[in-house]
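*Asks:* The structure's right below; bear with me while I get my questions together.
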Amino acid sequence: MLRFAPSPTGDMHIGNLRVAILNYLVAQQKQDSFVIRIEDTDKSRNIEGKDTEIMQILEKFALIHDNVFHQSEHLHMHQTLAIRLLQEGKAFVCTCSVQEIEDDRENAKKNSVAYRYSGHCHDVDKSQHSKLKEQGIPFVVRIKKPTEDIINHDLIKGDISTAPNEVDSFVILREDGTPTYNFACACDDMLSGIDMIIRGEDHLSNTPRQKHIKNLLDYDIDTIYAHLPTILNTDGKKLSKRDNAGSVKWLFEEGFVPDAIINYLLLLGNSKAPKEIFKLPEAIEWFDISTLSKSPAKFDIDKIRFINRGHLLMMDDRELSTLFGFADVEIGQLAKLYLEEASTTKELEAKIRAIFNPKSFDGEWGEQMRTISDIIQNAPMINDFEKFKKYIIDKSSLKDDNLFKPLRLLLTGAENGPELSLIYPLIKSYLLEVAS
Ligand code: GLU
Ligand code: ZN
């Protein structure tokens, strides 16, 4: 079982989307289930409506899930599991004050060593738990640190070993009884029967703690981990919400289509892809997550434009035309002609709008445009461009630049573009509207 565990704390980022795509893809390869867990336990950071937005984005990318739940629904189970660890002597109640912990942290900092819990309450008897509760004395629950190194055989990062002291006896339940991030995460992975976790490398340091929790909870399913390298912006810094291109919403607004975004994200750090332009179902056949590069990948806007163009070229003509408010094979073909000079649906839309919008007759070629427009309004339907051209020449006696510049402006609303002989057959049934 695989999962995608987004936090509803901000806009969906392409790093998150990539994680979702890869978990979905590998679930498909293993013919296993794929669940969505909304990690909403940090109430102060949750943003209303972001959970729905995330689900809508997943739907746009057709990343179908078998189940979805909010982590907060499991609060009771997290608490029960923490108490179980306490009963089994694998965790202990800790009454060290905030001040004591703070002092220890300060000291560690002064000595330039990493902070570790003092171990002060390590051997406190479990019977203290109910006494503290009765007396209303604040306490947290800490898990006992491991006795041996925790080893993670990461599919991408290789073997990583973490010493018991580095894992430390860390807090699993806070004073207010809420689980800490790592505890909630590990409990839920266990409760859902997760056996493979694909996520960003920013979670690499959480892995030993989560593994340790699952070990002490006697979770006997071995979990495979794959931590994906960071995506960098053009400055070589981690691509963040502040980078436009990092946001899925921005990519949509700019006119990138879901298939192309998926394609691009599956190529990041992937030197083994047998082709450059493909759709997700094809990638399921050959994608091998273990061959992804360990090093960060740079977001490359030119590359994603190239891939987007490839997907627009592959799209069914009529379907493509619907993106611009038509349901017409010819408008789809017209859009494809413009892929010579455009790569996104936003850019194509501007080209098509220029063709259909009323033309301005105020410019340098306005007079000739008016003449041609009048001729067209009274002309019969002409199928062939050469015959159409001859008809205009005969009626207007315009020629060379005096003919072609105004004619192009009148038919396309632009001074340059694809060959008129290619455009004409695609717009001829709209000619009266176009040439006005
Ligand atoms: N909620 C975490 C995030 O959005 C993911 C946690 C995980 O995959 O384990 O980064
Ligand atoms: Zn303590």
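*Asks:* Residue by residue, what Karplus-based ³J(HN,Hα) values in Hz, rounded to whole numbers, does the range 149-158 have, using 6.51, -1.76 and 1.60 with θ = phi - 60° and x for Gly and Pro?
*Replies:* 4, 9, 10, 10, 8, 7, 4, 9, 8, x
*Asks:* Between helix 366-377 and the chain, what is the angle of the helix's C-alpha long axis to the longest principal axis, kept within 0 to 90° and rounded to the nearest 10?
*Replies:* Result, in degrees: 80.
*Asks:* Hey, if you drop one equal point scatterer on each alpha-carbon of the range 1-160 and run the Debye formula without solvent, what base-10 log of I(q)/I(0) do you get at q = 0.14, 0.16, 0.18 Å⁻¹?
*Replies:* Values, matching the q order: -1.02, -1.11, -1.14.
*Asks:* Which far-off residues, 5 or more places away or on another chain, put their amide H under 5 Å from the one on LEU228, with H placed in the peptide plane?
*Replies:* ARG199, GLY200, GLU201
*Asks:* Could you tell me how far the Cα centroid of the range 138-173 sits from the Cα centroid of the range 289-349, in Å?
*Replies:* Each part's Cα centre sits 46 Å from the other's.
*Asks:* In the range 351-435, which GluC sites (Glu not before Pro) fall in coil by DSSP and have 13 or fewer other Cβ atoms within 10 Å?
*Replies:* Here the sparse-neighbourhood loop sites are GLU364, GLU415, GLU419.
*Asks:* Which Cys in the chain stand alone, with every other cysteine's Cβ at 4.7 Å or more from theirs?
*Replies:* CYS96, CYS185, CYS187
*Asks:* Further question on the same structure: In degrees between 0 and 90, to the nearest 10, how far off the longest principal axis of the chain does helix 329-338 point, with axes built from Cα atoms?
*Replies:* Computed tilt is about 80 degrees.
*Asks:* Measuring from centroid to centroid over Cα atoms, what is the spacing of the range 378-434 and the range 217-268 in Å?
*Replies:* So the two Cα centres are separated by 46 Å.
*Asks:* How do THR52, THR180 line up, fewest other C-beta atoms within 10 Å first?
*Replies:* By the 10 Å Cβ count, ascending, the order reads THR52, THR180.
*Asks:* Please go through the residue pairs LYS336/LYS428; LYS50/LYS214; LYS359/LYS428; LYS346/LYS387; LYS389/LYS428 and name each one whose alpha carbons sit more than 24 Å apart in this structure.
*Replies:* Flagged as over cut-off: LYS50/LYS214; LYS346/LYS387.
*Asks:* What order do you get for ILE160, ILE36 when you list them from fewest to most C-beta neighbours inside 10 Å?
*Replies:* ILE160, ILE36
*Asks:* I've got another one for you. Antiparallel as a % of all DSSP beta bridges within the chain, to the nearest 5?
*Replies:* About 50 percent, rounded to the nearest 5.
*Asks:* Right, here's the next one. List the residues, sorted by chain then number, that are 5 or more residues from VAL68 or on another chain and whose placed amide H is less than 5 Å from its amide H.
*Replies:* Those qualifying (amide H under 5 Å, at least 5 residues apart or on another chain) are ILE36.
*Asks:* Report relative contact order for the chain in percent, whole number only (criteria: Cα-Cα under 8 Å, sequence separation at least 6).
*Replies:* 13 percent
*Asks:* Still on this structure, please answer the following. Under a 5 Å amide H to amide H cut-off, with H placed in plane at 1.01 Å, what residues pair with LEU173 once short-range neighbours are removed?
*Replies:* Here VAL141, THR180 satisfy the definition.
*Asks:* Among ARG242, ARG18, ARG209, which comes first, then next, by fewest other beta-carbon atoms within 10 Å?
*Replies:* Going from sparsest to densest Cβ surroundings: ARG242, ARG18, ARG209.
Read-outs: derived from the displayed coordinates by stated rules, not from any lab. Keep in mind the model is a prediction, meaning the values are calculated, not measured. Positions of Cβ are backbone-derived with ideal geometry, glycine not excepted, and every protein chain shown enters the neighbour counts.
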